[in-house]
Amino acid sequence: MKLQIVVVEPDEARARLVIDSLSPLGHDVTVLGEVTGLARRLRDIAPDIVLIDMTNPSRDTLEEMALASGPLDRPVAFFVDRTSRDLTQQAIEAGVSAYVVDGLQPDRVAAVMDAAIARFRMFRRMRTELDTTRRALEERKLIDRAKGILMKARGIGEDDAYALLRKTAMDQGRKVADVAGALVTAAGLLS
Amino acid sequence: MNLRPLRIGFVPLLDMAPLAVAHEMGFAADEGLALDLRCAPSWSSLRDMLLWGQVDAAQMLAPVPVAMALGLGGAVARLDILQVMSINGDVVGVSTALADRLRDIGHDFGFDDAALGARLLARVAMARPLRIGVPFPFSTHAELVRYWLRDAALDYELCTIPPPRMADALLAAEVDAFCVGEPWGSVAVEQGAGALFLPGRAIWAAAPEKVLAVRHDWVSNHDALAGRLMRAVWRAARWLGLQENRITASEILARPEYTNAPAELLDRALRGEMVISPRGELRRVPDVIRFFDGAATFPWRSQMAWFGAQLARHHGLDMAASIASAKAVCRTDLYRTHLRSAGADLPGASEKIEGSLHHPTAVASERGTMILPPNAFFDGQIFDPDRP
């Protein structure tokens, strides 16, 4: 039997990657990108499993489903209730949370979770790499500005300016970017 | 000195203040602790971070540990309440459309009468159920609204909306009203999404809002460490209770790593002067939020028993058993042991009759300095945990 899986994910590219990883398992995957009216739309679809990024604030809306008590509602559990501790730990570290309808076979849930966890791990790695790259870029810009200030103020060349920044950083046990940042701030205050 | 790192989770709200202040004003360092404060995007994520050991302690909605003790909402471990972090701090708001209809029938937005508020809301209700946004299914907000409207001739449903999204949800007509913690009610006013209708304290004058929670097994193995954290947070609460620290507090909390909201909006609740509508109407309310005075930090077993009784009624659970479980999560034993040395006055009893005080009242305590502020319910009912 095919499972109905809903992925709550506003980023289209990421959503497509999740679909790609889950479709080979032979399930129907629907993506909800909009968080407006989320609870109502989920009631309409009545999925077996809902996957959501742990950093998505709208996750709290899904908690309501775990409490649904009407006669037509299907009991839903936050999946930590039903699966192995190990799988749960992995999911939380990867940053994905899941809501699973009661009574699904544990191995079928585990297969879906394995695929989802692998995908979200990749997202987390990409996010970290992106952050690192962005920070490196900002630091480079800062250092360039600090070099410019030093070259002008002391009449030295670019290499000497960088050497001076580096020596100061080493003497003070700080990062070159931090020294550059302090210099840029100070220059801004003095000008 | 080597500081012991401790990971603490929070959600960006005014009432996370004791954690930020413990860190920024050196109360944690005084106890040899380096707080690693981690912002959580949602209450469910924070609960999971705490349950699965990604944080050691967390700011938590008071009813969450109670609900888990009652086996509700995916309970995988027991959480204990070390102390209360804040009393009150919620506001009820209505959409611009509802506010207009309320004004049409002559309401002056006096911002103090919850009984009148319930009657008026029933008069302006629509053909469909009124949708009221709350931050989490298990929250002081949800329980206050349920208690407030239980006898009102009004059909309503609660919708879970994350606090920072509440103003948008009101603007998008996803909800017609809300009950949310500050500053997110004031943010809705500022964005022209609606008007504030009542402070939470108009429903229950002393409602425990956020608590400092830990896993039961964690605190069993880290008694001394828990004591250091409790003293740091308690001293931070005492600092927050002093009016002269108000401005500094709102400046600290405004930072991106805490609430990332304008200091001016955060200051309104601390000052007790709420701007309730986009036209700038001002209402003075004492105790919009309270961090310290009146034994605010003490984890009264009767307060959690009230949540236990409410949840038992709503979910059809055994009343006596639910109340007993709710009381058991309150670690008054640790509070007495660890905070006596810090100078906390300790009450003679660990529970009281909720709703019985209409005026500040002196009660028996070790130092004889304890004066409890009013804790009345809007309907004049009392809650005796032994006779619910």
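A few remarks follow.
- Computed E for B:A122/A:A110 - FRET, C-beta separation, R0 45 angstrom, nearest 0.05: 0.35
- Relative contact order for chain B, counting Cα pairs under 8 Å that sit 6 or more residues apart, in percent: 22 percent
- The Cα atoms of chain B give a gyration tensor whose axes a ≥ b ≥ c have a/c of 1.5 or more with a/b greater than b/c, which makes the shape prolate.
- Think of the protein assembly as shown as having a plus end and a minus end, set by charges on the Cβ of Lys, Arg, Asp and Glu; of B:H141, B:L116, B:A29, B:A29 sits farthest toward the positive end of this dipole.
- Helix content alone sets the calculated 222 nm mean residue ellipticity of chain A: runs of n ≥ 4 DSSP H residues at -39500 (n - 2.57) each, divided across all residues, give -19500 deg cm²/dmol.
- Under 12 Å, Cβ to Cβ, from B:F138 - net charge with Lys/Arg +1 and Asp/Glu -1: -2
- Qualifying trypsin sites (Lys or Arg not before Pro) for the range B:299-388 [loop in DSSP, other Cβ within 10 Å: at most 14]: B:R367
- Seen from B:A57, the other residues with C-beta closer than 15 Å to its C-beta sum to a net charge of +3, counting Lys and Arg as +1 and Asp and Glu as -1.
- Between A:A182 and B:L242, the FRET efficiency from the beta-carbon distance, with R0 = 35 Å, is close to 0.55.
- Report summary: the helix-based calculation at 222 nm, which adds -39500 (n - 2.57) for every DSSP H run with n ≥ 4 and divides by the residues of chain B, gives -10500 deg cm²/dmol.
- Cα centre as origin, Lys/Arg/Asp/Glu Cβ charges: chain B dipole, Debye: 420 debye
- Model label points for B:A321 and A:L190, set 7 angstrom from Cα along the Cα-to-Cβ axis, are 7.4 nm apart.
- Note on the protein assembly as shown: with charges restricted to the Cβ of Lys and Arg (+1) and Asp and Glu (-1), its dipole about the Cα centre is near 860 debye.
- Sequence-separation-based contact order of the range A:132-190, relative, with Cα cut under 8 Å and 6+ spacing, percent: 39 percent
- Added length on full extension, which subtracts the Cα-Cα distance from 0.36 nm per residue, A:R166 to A:R41: 39.3 nm
Since every read-out is calculated from the coordinates, none of them should be taken as a lab result. These numbers come from a predicted model, not from an experiment. Neighbour counts run over all protein chains shown; Cβ positions are idealised from the backbone, glycine included.
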